[in-house]
Amino acid sequence: MPSASPAAPDTVLVVDFGAQYAQLIARRVREARVYSEIVPSTMPVAEMLAKNPAAIILSGGPSSVYAEGAPSVDRALFEAGVPVFGMCYGFQLMATTLGGTVDNTGAREYGRTGLHVSRSGSTLFEGTPDEQPVWMSHGDACSAAPEGFTVTASTDVVPVAAFENDEKKLYGVQYHPEVMHSTHGQQVLEHFLYRGAGIAPEWTMGNVIEEQVEAIRAKVGNRRAICGLSGGVDSAVAAALVQKAIGPQLTCVYVDHGLMRKGETAQVEKDFVAATGIKLRVVDAEKRFLDALAGVSDPEQKRKIIGREFIRVFEQAQAEIVAEAPGDQPVEFLVQGTLYPDVVESGGGTGTANIKSHHNVGGLPEDLEFTLIEPLRQLFKDEVRMVGAELGLPEEIVHRQPFPGPGLGIRIVGEVTKDRLDLLREADAIAREELTAAGLDRDIWQCPVVLLAEVRSVGVQGDGRTYGHPVVLRPVSSEDAMTADWSRLPYETLARISTRITNEVAEVNRVVLDVTSKPPGTIEWE
Ligand code: XMP
């Protein structure tokens, strides 16, 4: 974690027992305006306590507490005086570790379940209904709470579905309060944070900016930094934050590889510079990229070529920056818009398995001799947008859809050529315009428009037969792009997009909708 995090006020540690519940819990804690960090369940308790947490949450996980090799927890965790909240697997661990009974009954409960709250005035359940739907996912069941605990809820299957020990500040629920289907889950979590642990909801994006600005200044001193801008929200916000900290010591490089969307370069050149005052170098490298991509249709090869060319152009720009002011302070730092899910997914600091390799701005090589500045390492995407807004970045940049580093190059199935790019740019611009006009930008995560360049089909336009290409609309909703569902866009919007694209974009005679979730499909087609 960056140097600023130990100073963060009131940190809640979320202990990760696997299966990605921890990330969702960490988000929910932050939605309650309390700072949270994920730590692996293998971290020794002494190390957790050394972080001086204001509270600890034990996540759910895929194991049974009785399975061989199932992760356990050191009793010392419950004896340190730090408030602890166990959820699902974490709840069962708390129960067994402190002397309660968890039976391997085979009584399974999965999905939506009715919770019967027996102590409605309890710390966790106050103000919530006596009967409430919750999301369950467990095989074992707790039949007796540890000594000193009050049972506060049950289900038809589980006699002890929640318990509390106010004196010791220990709380647990058998279900998953972090998922939406547990309708009062956020309230219960907030009760733990505010009432159980006594934490005030004070964590804001304003704090994050202040902390980061200070940390960046201390790190960089009077030396210089560069930042690769991709036009995406992450690099834009990272750059704006570093600019706020060190001003003219930062130079941004924007590589226009010709694979950008319509209007993108102009937006970075004008609006972004106007809002931030950033020193920007735009490199027009379209020809270079298109030459290198000529004749290539394999997606991995395209990615590799784009990555390689990007590095070359970037290194060249960096050498020029140094050469232009040789007497100046060295350019020692590279700013990157790495986000918290990237850190978690690449196993950084959490001990979790590497789920996917981290997509960064343009695939900068590891042997670039720079010290990294990653001011967004603690943040989720929606938080990055809030920081961007707070820094005064234009709405169109802050709320733009995620866009892959290799750009439209991976949204053309088949060879990438200038003509095809121009065609896709038009179709993409129409889709974006119509989604914005329909007020749907905040409802979808992103909507790639994909050109099936090597498919042709027969159509009819006016009196003539056409033999054109299809484009695919891929609107998805997602919280973090790890999983996604296809967005149920209104038919009228889809109809308008389809009509406009087939009327306005020559060569396209069909618009099709991708109705696949992720998994099994990915978001991009490539
Ligand atoms: P997939 O296609 O893997 O995409 O479901 C998940 C998310 O990542 C974006 N993406 C990228 N972003 N560089 C990036 O900065 C890349 O190379 C890259 N490839 C995919 C994609 O748009 C989606 O949001």
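The values are calculated or read from the model by the stated rules, or taken from the named source; none is laboratory data. Being a predicted model, the structure only gives us computed values, none of them experimental. Note that we place each Cβ from the backbone using ideal geometry, even for glycine, and neighbour counts take in every protein chain shown. What goes into the accessible areas is simple: the full protein's heavy atoms, side chains included, and nothing from ligands, DNA or RNA. Shrake-Rupley method; radii C 1.70, N 1.55, O 1.52, S 1.80 Å.
Just give me the residues in region 451-467 being among the hydrophobic types (A, V, I, L, M, F, W, C) and away from the ligand (no atom under 16 Å from the Cβ), in sequence order. Matches in region 451-467: L452, A453, V455, V458, V460.
The residues of region 124-169 that are polar (S, T, N, Q) and in a loop (DSSP other than H, G, I, E, B), listed by number, are T128, T155.
Scanning region 447-461 for residues that are of a type outside the set (K, R), under 26 Å from F289 (Cβ atoms) and open to solvent by 10 Å² or more (accessible area, probe 1.4 Å) turns up L452, E454, V455. Somewhere in region 226-234, is a residue assigned by TED's automatic domain parsing to the domain that holds G247, more than 18 Å from F380 (Cα to Cα), modelled with pLDDT under 95 and away from the ligand (no atom under 16 Å from the Cβ)? Scanning region 226-234 turns up at least one residue that is assigned by TED's automatic domain parsing to the domain that holds G247, more than 18 Å from F380 (Cα to Cα), modelled with pLDDT under 95 and away from the ligand (no atom under 16 Å from the Cβ). Scanning region 468-506 for residues that are surrounded by 17 or more Cβ atoms within 10 Å (Cβ to Cβ), out of contact with any Ser or Thr (no Cβ under 6 Å at 6 or more places or on another chain), part of a loop (DSSP other than H, G, I, E, B) and at pLDDT 95 or above yields R474, L489, V505.
Checked against the criterion of being farther than 22 Å from V398 by Cα, under 23 Å from the mean Cα position of the chain (by Cα) and of a type in the set (A, V, I, L, M), region 516-524 contains not a single residue that satisfies it. Kindly check whether there is at least one residue in region 105-126 that is touching a residue at least 40 places away in the same chain (Cβ under 8 Å), touching a helix residue (DSSP H, G or I) at 6+ places or on another chain (Cβ under 6 Å) and hydroxyl-bearing (S, T, Y). Within region 105-126, one or more residues are touching a residue at least 40 places away in the same chain (Cβ under 8 Å), touching a helix residue (DSSP H, G or I) at 6+ places or on another chain (Cβ under 6 Å) and hydroxyl-bearing (S, T, Y). In this structure, is R119 farther than 27 Å from V45 by Cα, at pLDDT below 95 and outside any loop (DSSP other than H, G, I, E, B)? Spelling it out, it is not the case that R119 is farther than 27 Å from V45 by Cα, at pLDDT below 95 and outside any loop (DSSP other than H, G, I, E, B).
Scanning region 409-422 for residues that are surrounded by fewer than 24 Cβ atoms within 10 Å (Cβ to Cβ), within 16 Å of the ligand (Cβ to nearest atom) and among the charged types (D, E, K, R) gives no hits.
Evaluated against (1) within 12 Å of the ligand (Cβ to nearest atom); (2) touching a Ser or Thr at 6+ places or on another chain (Cβ under 7 Å); (3) modelled with pLDDT of 95 or more, P448 falls short on exactly one condition, (2). From the list R432, R425, the one residue that fits, being away from the ligand (no atom under 16 Å from the Cβ), surrounded by 15 or more Cβ atoms within 10 Å (Cβ to Cβ), modelled with pLDDT of 95 or more and not small (G, A, S), is R425. Considering every residue within region 293-315, establish whether at least one is touching a residue at least 24 places away in the same chain (Cβ under 8 Å), surrounded by fewer than 17 Cβ atoms within 10 Å (Cβ to Cβ), farther than 30 Å from L451 by Cα and not assigned by TED's automatic domain parsing to the domain that holds A453. Within region 293-315 (the criterion being touching a residue at least 24 places away in the same chain (Cβ under 8 Å), surrounded by fewer than 17 Cβ atoms within 10 Å (Cβ to Cβ), farther than 30 Å from L451 by Cα and not assigned by TED's automatic domain parsing to the domain that holds A453), the answer is yes, since at least one residue qualifies. Looking at G206, is it surrounded by fewer than 22 Cβ atoms within 10 Å (Cβ to Cβ), within 21 Å of the chain's Cα centre (by Cα) and part of a helix (DSSP H, G or I)? Yes.
One line per residue, one yes/no per condition, for (1) aliphatic (A, V, I, L, M); (2) more than 30 Å from V344 (Cα to Cα):
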{"site": "G405", "(1), (2)": "no, no"}
{"site": "V416", "(1), (2)": "yes, yes"}
{"site": "L421", "(1), (2)": "yes, yes"}
{"site": "R432", "(1), (2)": "no, yes"}
{"site": "V458", "(1), (2)": "yes, yes"}
{"site": "V471", "(1), (2)": "yes, yes"}
{"site": "S478", "(1), (2)": "no, no"}
{"site": "A481", "(1), (2)": "yes, no"}
{"site": "D485", "(1), (2)": "no, no"}
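Each row is one residue, and each column tells you yes or no for (1) buried (at least 17 other Cβ atoms within 10 Å of the Cβ); (2) in the same structural domain as H176 (by TED's automatic domain parsing); (3) over 19 Å from the mean Cα position of the chain (by Cα); (4) at pLDDT below 95.
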position	(1), (2), (3), (4)
M1	no, no, no, yes
A7	no, no, yes, yes
V45	yes, yes, yes, no
A54	yes, yes, yes, no
I57	yes, yes, yes, no
G61	yes, yes, yes, yes
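Conditions (1) β-branched (V, I, T); (2) closer than 30 Å to A46 by Cβ, marked per residue:
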site: I56; (1), (2): yes, yes
site: A76; (1), (2): no, yes
site: A95; (1), (2): no, yes
site: T128; (1), (2): yes, no
site: S143; (1), (2): no, no
site: F163; (1), (2): no, yes
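Determine if region 265-277 includes at least one residue that is touching a strand residue (DSSP E or B) at 6+ places or on another chain (Cβ under 8 Å) and aromatic (F, W, Y). Yes, region 265-277 has at least one match. Of all the residues in region 126-179, those that are buried (at least 17 other Cβ atoms within 10 Å of the Cβ), among the charged types (D, E, K, R) and at pLDDT below 95 number 2.
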